[in-house]
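Before anything else, here's the structure in question.
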Amino acid sequence: MAIIISHRKDLDGIASAAILKRALPGAKVLLIDYDDIREAFRSLEGTREEIYVADLNIGAAEKKALGSIEKIAKNARILWLDHHNWDPIVRKAAEKHMTLIVNRDKCASEVVFDFFGEGDFVDAKIARFARDQDFYTKKIYDANRISDVIAARHGNMRFLLSLVDMLSMGVFWKDEFDEIRTEYIAKKEKLLLESVGAMTYYENFAITLSSPLVPSGEIARETIEKKKVDVLVILDPRGRISFRRRKGSSIDLSFIARGFGGGGHPYAAGASYGKPISKKTLTSAKEAIAEKVRKRLAARI
Ligand SMILES: [Mn+2]
């Protein structure tokens, strides 16, 4: 039984797992976030199953997972398909233990599709949906509404795994999702207003606290273009940091995120603050993060 590991946060991760599941129907699926990478690979030490990883990269904060990966690679093959901006040194170390394919012009689902999906129209549709969301085109209504239910149920692992199964069977919506989505949209609008209200503006960037229920892209749309900031930093209560930038900006957000031990894409990146952020600790967190962002912005080429 193969093991599929993919990113749990958005449609690209879920869709990557679905395409892999179509190719490997008996596989076990693990949906994880960056904070889980070390533990996930530690728990797989000693396995003899083939491991397929998608839509995740090993950043500075996850480097310690390389020790477990080295151990796993003694008994098992690892195929890692991704589209993030890998640090060259980490990448070289990882490549000793796995087959690693990274294509930054595609979403992860498309990279997986290139490997497993040829000639399969369901796989092609899954990959197309993921691209529409991951590159913020958001023109496909059915893809938009799946992203809404992923956000609505982001903490519910059983639900996310059932979405992987659903997509892998070529099903793209269920009637019962309508209610989940309606409820979610109302809640999201309210939370979106709150996070816009919690925004602090600095020279050319802004920082706010938000709920994981609100996609970072939506807060960005409400603030970046309207208030003319170049970079938006979105914190969430668990201590995740998301970076978004103004359209057409050349600032490499993955460079800024690396200053926090994170990584990602030039246009969207993430890192961890290392501890939860509450309304009480928000002011000090904002100050500490602003200082670092300022330095990174000044240091970039
Ligand atoms: Mn992705």
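The values are calculated or read from the model by the stated rules, or taken from the named source; none is laboratory data. Since the structure is predicted, the reported quantities are computational estimates derived from the model, not experimental observations. No Cβ is skipped: glycine too gets one built from the backbone with ideal geometry, and neighbour counts run over all protein chains shown.
If I filter the range 10-18 for residues that are more than 14 Å from the chain's Cα centre (by Cα), polar (S, T, N, Q) and at pLDDT 95 or above, do I get at least one hit? It would help to see each step written out before you state the result.
So in the range 10-18, the residues more than 14 Å from the chain's Cα centre (by Cα) come out as 18.
Imposing the further condition that a residue be polar (S, T, N, Q) reduces the set to none.
Within the range 10-18 (the criterion being more than 14 Å from the chain's Cα centre (by Cα), polar (S, T, N, Q) and at pLDDT 95 or above), the answer is no, since none of the residues qualifies.
What's the number of the only condition in (1) within 15 Å of the ligand (Cβ to nearest atom); (2) modelled with pLDDT under 95 that Lys63 fails to meet?
(1)
Would you confirm whether any residue within the range 188-208 is among the basic types (Lys, Arg), surrounded by fewer than 15 Cβ atoms within 10 Å (Cβ to Cβ), under 30 Å from Ala124 (Cβ atoms) and modelled with pLDDT of 95 or more?
As a first pass, look at the range 188-208 and keep what is among the basic types (Lys, Arg): 188, 190.
The next check asks that each one be surrounded by fewer than 15 Cβ atoms within 10 Å (Cβ to Cβ); those that pass are 190.
Right, trim to under 30 Å from Ala124 (Cβ atoms) and you get none.
No, the range 188-208 has no match at all.
Looking only at the range 200-214, which residues are free of Cβ contacts under 8 Å to residues at least 40 places away in the same chain and within 15 Å of Ala288 (Cα to Cα)?
Tyr201, Ala206, Thr208 - these are the residues of the range 200-214 that are free of Cβ contacts under 8 Å to residues at least 40 places away in the same chain and within 15 Å of Ala288 (Cα to Cα).
Residues to consider are Ile241, Ile224, Ile219, Ile301; find the one that is among the β-branched types (Val, Ile, Thr) and either assigned to a strand (DSSP E or B) or modelled with pLDDT of 95 or more (or both).
Ile241
Now, a different point. Within the range 8-21, is there a residue that is away from the ligand (no atom under 16 Å from the Cβ) and assigned by TED's automatic domain parsing to the domain that holds Cys107? Give the steps one after another, and end with the answer.
Our first condition is that a residue be away from the ligand (no atom under 16 Å from the Cβ); within the range 8-21, this holds for 21.
After this cut, where a residue has to be assigned by TED's automatic domain parsing to the domain that holds Cys107 as well, the list is 21.
Checked against the condition, which is being away from the ligand (no atom under 16 Å from the Cβ) and assigned by TED's automatic domain parsing to the domain that holds Cys107, the range 8-21 yields at least one hit.
Which of the residues that make up the range 196-219 are within 20 Å of Gly264 (Cβ to Cβ) and in contact with a strand residue (DSSP E or B) (Cβ under 8 Å, 6 or more places away or on another chain)?
If the condition is that a residue be within 20 Å of Gly264 (Cβ to Cβ) and in contact with a strand residue (DSSP E or B) (Cβ under 8 Å, 6 or more places away or on another chain), then Asn204, Phe205, Ala206, Ile207, Thr208, Leu209, Ser210, Pro212, Ser216, Gly217, Ile219 are the ones that fit.
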